[in-house]
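Notes follow once the structure below has been shown.
The values are calculated or read from the model by the stated rules, or taken from the named source; none is laboratory data. Note that the structure is a prediction, hence the values are computed from the model and not measured. Note: ideal-geometry Cβ built from the backbone for every residue, glycine included; neighbour counts use all protein chains shown.
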Amino acid sequence: MNRRLSLFNVTSLVIGFAFLYLPILLLVIYSFNASRLVTVWGGFSTQWYGALFRNQALMEAAWVTLRIALLSATLATVLGTLAALALTRYGRFPGRTLFTGMVYAPMVMPEVITGLSLLLFFVAIDLDRGFWTITLAHTTLTMCFVTVVVQSRLMTFDRSLEEAAMDLGAPPLRTFFSVTLPLIAPSIVAGFLLAFTLSMDDLVIASFNAGPGATTLPIKIYSQVRLGLSPEVNAASTILIGIVTLGVISATLLSKRSVLRKAH
Amino acid sequence: MGAVRRAFAPWSNPDAKPLIRFDNVTKRFGDAVAVDHLSLNIFEGEFFCLLGPSGCGKTTLMRMLAGFETPSEGTITLGDQSLAGVPPYRRPVNMMFQSCALFPHMSVEKNIAFGLKQDGMPKDQIAERVGEMLRLVQLEKLARRYPSQLSGGQRQRVALARALAKKPKVLLLDEPLGALDKKLREETQFELMDIQHELGMTFVVVTHDQEEAMTMADRIAVMDHGRIVQVATPGEIYEQPKTRFIAEFVGDVNILEGHVQGQENGLWRVQTGYAQAPLTIDDPDEVLHSGQAVAIAVRPEKMVIQRDPPRTGALNVLTGEVWDIGYLGDWTVYRVKLATGEILRVTRANASRFVENPIDWDEQVYVTFAPDAAVILAE
């Protein structure tokens, strides 16, 4: 294989990455703009980060977002891992294909429809919209991502490891906690981080299910932008991008590491 | 080899009580029958081999003993205890897995200690026992290593140590040496025999490698299609195979087909298409009748190849042409084509370093064998 970077390769790489990341880069740069005018560069400054932390409404929204992300990611991780276990371990039960399809459906379902149907459901069961409805909605959205990540690990899992543990005297539950869980833990953490970041930056489903007193950061930013661009929002977005990037990178590294360990 | 190692033959003692008893055991997976109404006794202290081609049911049989599969019919008894309904983690049986199945997130010593910890053994006793096991498999220096840092052979030893640590009544070994290269495999075979001898434990080995079975086992059960075809010592399996399947599966064999002509002076006369005169076979245990179709099995090393015609009146003379010669160092293999088109395999030990005027390609040769070198197998 030719490992040298030809001119063509370099050009396509630059164009591709520019297409993907130029807008984000612009946003990050302008968050350090000294000028109040969003599109005019007035020198380097971190003043908008200071202003951001003094902005009570934005900080409150950020806190709500963080709590929702943590809680919904935790719920999604538990449910998603259980679903992955059922799908890989339970053999061929009737309706397995249907169940698999249904677990994965939220991944491809238009978010507007997911959001709308959840809203209708919450109204029907008379649940006040707010913190809990967003948390439940995000759990629904992110669970399938956890399932995908954990299931792919379980499918390459050597079942004889569990048999060996049982053979050596460990009952099924202890086998799960002392052998299965430690070995699939990296993929569970990766699934959690994915769910966490997905919940952090979701706007559509959150705005359908938000209520008075519970506004998430993406909703807040979106509504502020409609009143006019503000450098504070750039700063808030930059921090959000940072958190999401960190989450995705660690998720990737974790699942890669568990694959490498398996290969040994 | 195994049979002559020591005078140990509880299976020929009618009063001996078997340690493991399979009683009319059947295992079905859906429509497929993996084990078919099988009965088998294994005695304490035995090195027992289940031998057969893949898919013959030998692994299923072992997994039923370990408790990973439940028999569809029949019972398995260990000592005085029926194993029905006893889960794998309560059986006094440990297994060495084909893939080793070492826990990748635990060091060598933690792996070996795992089973002892499940029994709630005190910490200092665990440490002592782990040390003992490490010495047994000569891995003291690698106690802190992780499985990914070990070679294939070392992993196999850890797996063995882990399975032996709990001093099980029976050790099950599933294709234990499959992943090793030939030299290491032979060494490990003898090591396994020494360990088994030293601990006096009952070993049950599953293998598809007949050489491995012959080397290690006290007795071999040859399996085919979920049934046991013959249970006997390695020597009996090789020299007195019960069926054509065993004769062909264990070692090399020449099969000559024919019809029984009759019996003379206790020797069977069998008319075949390979020679004018009927062949004379000394196999007095067979009960045959005239005209019956039989197969004569002769091992390649029990046939003699020569250039000069045998003396007149010699028994069992076949003529042919040397088709192929394979020089293996210790042995030379001749493939001799008979007039009928069949190819016989004849081996000769290379007892001396230089042979004058050796038998060459395309030469006309005579192949003979003694009446007691052959076995008659009823078709």
Item checked: Boolean, B:Gly266 is in the same structural domain as B:Tyr366 (by TED's automatic domain parsing), out of contact with any Leu (no Cβ under 8 Å at 6 or more places or on another chain), under 18 Å from B:Ala370 (Cα atoms) and of a type in the set (Gly, Ala, Ser) -> yes
Region A:140-203: helices (runs of 4 or more DSSP H) wholly inside it with 1 or more residues that are surrounded by fewer than 24 Cβ atoms within 10 Å (Cβ to Cβ) and more than 10 Å from chain B (Cβ to nearest Cβ) are A:172-175, A:181-200
query = Any residue at all in region A:43-60 that is buried (at least 16 other Cβ atoms within 10 Å of the Cβ) and under 16 Å from the mean Cα position of the chain (by Cα)?
reply = no
(1) in contact (Cβ under 8 Å) with a residue 60 or more places away in the chain; (2) more than 14 Å from chain A (Cβ to nearest Cβ) all hold for B:Ala32 apart from (1)
Only one of B:Val93, B:Val86, B:Val35 is touching a Gly at 6+ places or on another chain (Cβ under 7 Å) and under 18 Å from B:Lys169 (Cα atoms), namely B:Val86
Only unsatisfied item for B:Gly329, checking (1) touching a residue at least 40 places away in the same chain (Cβ under 8 Å); (2) loosely packed, with under 13 Cβ neighbours inside 10 Å; (3) more than 22 Å from B:Trp268 (Cβ to Cβ), is (1)
When every residue in region B:71-120 that is among the polar types (S, T, N, Q) and away from chain A (no Cβ under 14 Å) is compared, the one surrounded by the most Cβ atoms within 10 Å (Cβ to Cβ) is B:Thr77
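One line per residue, one yes/no per condition, for (1) in a helix (DSSP H, G or I); (2) within 12 Å of chain A (Cβ to nearest Cβ):
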residue	(1), (2)
B:Asp124	yes, no
B:Glu128	yes, no
B:Gln154	yes, no
B:Ala159	yes, yes
B:Lys166	no, yes
Residue hits (region B:121-135; more than 23 Å from A:Met166 (Cβ to Cβ) and crowded, with 18+ Cβ neighbours inside 10 Å) are B:Leu134
Those residues of region B:56-113 which are of a type in the set (Gly, Ala, Ser), on the phi < 0 side of the Ramachandran plot and in the same structural domain as B:Ala179 (by TED's automatic domain parsing) amount to B:Ala66, B:Ser72, B:Ser82, B:Ala84
The residue from B:Phe48, B:Phe8 that alone is touching a residue at least 40 places away in the same chain (Cβ under 8 Å) and in a loop (DSSP other than H, G, I, E, B) is B:Phe8
(1) touching a residue at least 40 places away in the same chain (Cβ under 8 Å); (2) within 17 Å of B:Gly273 (Cα to Cα) all hold for B:Arg307 apart from (2)
task = Evaluate region B:144-154: report whether one residue or more is within 22 Å of the chain's Cα centre (by Cα) and either surrounded by fewer than 23 Cβ atoms within 10 Å (Cβ to Cβ) or touching a residue at least 12 places away in the same chain (Cβ under 8 Å) (or both).
result = yes
In the set B:Ala314, B:Ala293, B:Ala297, the lone residue that is surrounded by fewer than 20 Cβ atoms within 10 Å (Cβ to Cβ), at pLDDT 90 or above and aliphatic (A, V, I, L, M) is B:Ala293
Note on region B:162-179: residues within 13 Å of B:Thr59 (Cβ to Cβ) and of a type in the set (A, V, I, L, M) are B:Leu172, B:Leu173
Of (1) surrounded by fewer than 20 Cβ atoms within 10 Å (Cβ to Cβ); (2) more than 27 Å from B:Gly45 (Cβ to Cβ), B:Glu186 satisfies every one except (2)
Please indicate, with yes or no, whether at least one residue in region B:212-231 is exposed (fewer than 15 other Cβ atoms within 10 Å of the Cβ) and either in a helix (DSSP H, G or I) or modelled with pLDDT under 90 (or both).
-> no
